[in-house]
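To start, the structure itself, in structure tokens.
The values are calculated or read from the model by the stated rules, or taken from the named source; none is laboratory data. All values derive from a computational prediction rather than experimental measurement. Backbone-built Cβ (ideal geometry, glycine too); neighbour counts: all protein chains shown. Heads up: the accessible areas ignore ligands, DNA and RNA and are worked out on the full protein's heavy atoms, side chains in. Shrake-Rupley method; radii C 1.70, N 1.55, O 1.52, S 1.80 Å.
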Amino acid sequence: MQINELDHDRLRRLAGFRSRDGHQVLSIYLDLDPARFGTQPARAAQVRALLDEADRRARADGLEPAGRAALRADVERARAFLQGGFSAKGAHALALFASAPDGLFEVLRLPDAVAQGIAVHDRPWLDPLVGRSRPRRCVALINRRTLRLLADGPDGELRELAQLADDVPGKHDQGGWSQANYERSIEEEVRKHVERSAQALFAQLRRAPYDALVIGGPAELWPMVEHALHPYVRDRCLGRVDVDVEHASADEAIAAAAPLLAAAERRRVDALLERVQAGVGSGGRAVAGLADVLAALSERRVEALLYEAGFQAPGFACPQSSWLGVDARACPSGAERAQERENVLDDAIAAAILQSAEVRALRDRPELGPLGGIAAALRF
């Protein structure tokens, strides 16, 4: 069984998946953080605990016999995979989704750690994935004669893709007109090298699009580099950092770029929160609270969905008409109502993804508290 990378297309496909004929989807999240599960015994114990819980869910009452049998088969298939010596090189977590009657068995490699857990529902459990499909990164190291291009590889880790070295001679100290002409010749070669580097970045953008670019290199070269960038590349460029272009490792390059990448993420979240607060306060293009967010999702008006990490739906009025593309049904009560409250956030996330909305699970952002823990910026 192949382990795939998490990307927007797969996330969108999972968001649109819904099991049929009363069957269920088994979702399992495996934490591979080496700080907690770095040894084989620790990882094996985690797998056993998750599978035991999945087996308990499969044997529980509440499912039709055919649905229970299908779920137990999914548990055994997950057991065979997770205990079969799979390789998850470069991953910090795995997500597994299974529903044999619907032809679903997908394993995703995640670039960041997630809490272990399982869910059984009529659609994949997506909440832990939100925010895991991070921007595609590119780091370009450029000096007067060398370009090194690093980008996210299939495992989500930055790796060196290409290196370009131009034969730009050094300076000499003969003096006079010959020295001036020689130095002008050198600067012309540097300019050509920078232009070739900029062309390589544009070619990489067309071949394997990236969302965020950081350029490392000497400060005195930065104006020339910035001027040479294609506008599409310049729009994605977060700025310059100091780094040893010719000798830095990939880890050192991403460590140097990390503050710019983190700052860009903070600015994006700040802008969304400010937009939501202003829109809710003025009756503009934003809504807050579960009921209003669900209504906006049903009208396909949501541009960005924001919610507190760990958000749990409070009690809410039963819908009187179809929403999120699901036929309305009688209001559940008791255990069924509790399960419905657990599932409503996943339904909201799926609906947002299917209408190409941005989805953000926010931590340590008190701004969402007064908004009921969930809000949305609207397209119209």
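Results, tabulated for the structure shown:
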quantity: Most positive-pole-ward Cα, Ala350, Phe86, Ala60, against dipole of the chain from beta carbon charges; calculated: Ala60
quantity: Relative frequency of Cα-Cα separations exceeding 17 Å in region 1-116, percent; calculated: 55
quantity: Net dipole in debye of the chain [+1 Lys, Arg Cβ; -1 Asp, Glu Cβ; about Cα centre; nearest 20]; calculated: 560
quantity: Accessible surface of region 238-286 [probe 1.4 Å, protein heavy atoms]: carbon and sulfur percent; calculated: 51
quantity: The chain: relative contact order as a whole-number percent, Cα under 8 Å and 6+ apart; calculated: 16
quantity: Accessible area (Å², per residue) of the chain, counting only protein heavy atoms and a probe of 1.4 Å; calculated: 50
quantity: Equivalent ellipsoid dimensions for region 54-145 as semi-axes, Å, which come from the Cα gyration tensor, largest first; calculated: 36, 14, 11
quantity: Expected 222 nm ellipticity per residue - DSSP helices of 4 or more, -39500 (n - 2.57), all of the chain, to 500; calculated: -14000 deg cm²/dmol
quantity: Overall dimensions of the chain as given by Cα atoms, namely Rg and Dmax in Å; calculated: 25.6, 94
quantity: Calculated from backbone phi, Karplus (6.51, -1.76, 1.60) coupling profile of region 106-117 in Hz, x at Gly/Pro; calculated: 9, 10, 10, 8, 10, x, 10, 5, 10, 5, 5, x
quantity: Sequence-distant residues sharing a close amide H with His92 (under 5 Å, placed H); calculated: Leu110, Asp112
quantity: Fraction in percent of alpha-carbon pairs per bin - 5 Å, region 1-60; calculated: 4, 13, 16, 18, 20, 18, 9, 2, 0
quantity: Among 221-227, 270-276, the order from most to least packed when residues are scored by Cβ within 10 Å on average; calculated: 270-276, 221-227
quantity: Exposure rank, largest accessible area first [Phe81, Phe202; 1.4 Å]; calculated: Phe202, Phe81
quantity: Cα-based convex hull, region 219-311, per residue volume (Å³, whole number); calculated: 166
quantity: For Gln116, residues with placed amide H under 5 Å, excluding near neighbours; calculated: Asp31
quantity: GluC sites (Glu not before Pro) lying in DSSP loop within region 1-90, provided at most 14 other Cβ fall within 10 Å; calculated: none
quantity: Environment charge of Gly310, counting only residues whose C-beta is closer than 10 Å and scoring Lys/Arg +1, Asp/Glu -1; calculated: -1
quantity: When the convex hull of its Cα atoms is projected in every direction, mean area for region 95-136 (nm²); calculated: 3.5
